[in-house]
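K.L.:
Here it is, the structure in full.
The values are calculated or read from the model by the stated rules, or taken from the named source; none is laboratory data. Computed from a predicted model, the values in this text were never measured in an experiment. Here the Cβ positions follow ideal geometry from the backbone for every residue, glycine too, while neighbour counts run over all protein chains shown. We work out accessible area using only protein heavy atoms, side chains counted, and drop any ligands, DNA or RNA first. Shrake-Rupley method; radii C 1.70, N 1.55, O 1.52, S 1.80 Å.
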Amino acid sequence: MSDLVAVITGGAVGIGQAIAKAVGERGGQVFNIDHDGAGNEETDKLVADAGGQCTSFIANAGDPEAIRQIFEQIASKGDHIDLLVNNSAIWNDSSLTAGDYHSQVKAFQTAIDSCLHAAFCCTLAAVPMLEKSINPVIINMNTEHMDEDHYLSYIVGSTGYDCAKFGLWRLTQTWAAELKEKSIRVNELCFGAVDTPMLRAVSAEKANAGMKPEDIVAATFHVVDQGPTGKTGQSHFFGFSGTSRKESLKQIAEIQI
């Protein structure tokens, strides 16, 4: 799909930035929402150099009023959105045994806001414009923890992150059913380690052994390119931790089927 109009959260670095660049390579237009101003500038340039257009907004995607205003600005620039990628998330130590009461309440709330609340706010604001697309798609970026054999990350302090991701799984299923009559497809990608700044800050070893952001780009566009009659309500599992990148790429290729 060329001339794609995409809204991406967390597009200043990592997976979100890689997807933004790929939209640019298709001659598309990107609206990126991220609190990282310097990263946003880099994304704007990458998309432009690739042949597309990018407008970045410095904001927390979990801030309801900021999101409302951003989508008003997006609507003033065009009449539709083809793709919404709910990608933003923060891993922090939200364990019960670290810090003090106030720090841990804040850490947990930050994890929920950055992923789960952000996805809800952005999707709520995006639906009226997605309805006007000929191939509207919502893709939620999730984790391997949705698989029954990987429910726990075994990383101390991941409570908030995991709760946000499990909530995102539930939203994917609910929205797919709710938006089916509007022909808006909703799917999620559930995968393991990817070499991103967020993971590298937690575990360089896992980042080195993981997939690359461009691998997630491929999975994203396999879903998009299924077209209006493609799957909805699907959790696409691939690239679990410990899986070789070669095997992960084979699993990603199967999403096209």
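K.L.:
Compute, for the range 102-194, the length of the dipole vector about the Cα centre, with Cβ point charges of +1 (Lys, Arg) and -1 (Asp, Glu) only. Units Debye, rounded to 20.
P.N.:
Charge dipole, the range 102-194, about its Cα centre: 360 debye, nearest 20.
K.L.:
Taking 0.36 nm per intervening residue step and subtracting the Cα-Cα distance, what contour gain separates S244 from C163 on full extension?
P.N.:
26.5 nm
K.L.:
Beyond 19 Å, what share of the Cα-Cα pairs of the range 36-93 is found? Please give it as a whole percent.
P.N.:
For the range 36-93, the fraction of Cα-Cα distances above 19 Å is 41 percent.
K.L.:
Something else about it: For the chain, what are the DSSP H helices with axial Cα length of 18 Å or more and mean Kyte-Doolittle hydropathy of at least -0.5?
P.N.:
Qualifying helices, which must be both long enough and hydrophobic enough, are 64-77, 159-179.
K.L.:
Counting only helical runs of four or more DSSP H residues, what would the 222 nm mean residue ellipticity of the chain come to if each run contributes -39,500 (n - 2.57) and the total is spread over all its residues?
P.N.:
-14500 deg cm²/dmol
K.L.:
Which percent of the accessible area of the range 161-246 is formed by carbon and sulfur heavy atoms (probe 1.4 angstrom)?
P.N.:
Its accessible area is 54 percent carbon and sulfur atoms.
K.L.:
Sticking with this structure for a sec: Using alpha carbons only, what's the Rg to Rh ratio of the range 217-257 with Rh from Kirkwood?
P.N.:
1.00
K.L.:
Projected onto the charge dipole of the chain (+1 at Lys/Arg Cβ, -1 at Asp/Glu Cβ, origin at the Cα centre), which of I70, A125, Q104 gives the Cα projection farthest towards the positive end?
P.N.:
Highest projection toward the positive end goes to A125.
K.L.:
Looking at the chain, how many pairs of lysines come closer than 17 Å at the Cα, when each pair is eight or more places apart or spans two chains?
P.N.:
Going through the chain pair by pair, I get 10.
K.L.:
Keeping every protein chain present and rolling a 1.4 Å probe, give me the accessible area per residue for the chain in Å².
P.N.:
46 Å²
K.L.:
When 1/r is averaged over all different Cα pairs and the result inverted, which Kirkwood radius in Å belongs to the range 188-227?
P.N.:
One over the average 1/r among Cα pairs gives 10.8 Å for the range 188-227.
K.L.:
Given the whole protein assembly as supplied and a 1.4 Å probe, what does the accessible area of S158 come to in Å², nearest 10?
P.N.:
Rounded to the nearest 10, that gives 10 Å².
K.L.:
Ratio of alpha-carbon Rg to the 2.2 N^0.38 Å globular estimate for the range 18-148, to two decimals, please.
P.N.:
Its radius of gyration relative to the 2.2 N^0.38 Å reference: 1.15.
K.L.:
Sketch the reach of a paramagnetic label on A48 as a point 7 Å from Cα along Cα-to-Cβ, and name the residues of the range 17-34 whose backbone nitrogen lies under 14 Å away.
P.N.:
So the set is 30.
K.L.:
Which log10 I(q)/I(0) values, to two decimals, does the range 104-257 give at q = 0.09, 0.17 Å⁻¹ under the Debye formula with one point per Cα?
P.N.:
Cα-only, vacuum Debye calculation for the range 104-257: -0.29, -1.04.
K.L.:
So, with a 1.4 angstrom probe, what is the percent of accessible area on the range 1-119 that is carbon and sulfur?
P.N.:
52 percent
K.L.:
With Rg and the Kirkwood Rh both taken from Cα atoms, where does Rg over Rh land for the chain?
P.N.:
Rounded to two decimals, Rg over Rh is 0.94.
K.L.:
Right, something else. With loop defined by DSSP as not H, G, I, E or B, and exposure as at most 15 other Cβ atoms within 10 Å, which is the longest segment of the chain clear of exposed trypsin sites (Lys or Arg not before Pro)?
P.N.:
Longest gap between qualifying sites, sites excluded: 1-131.
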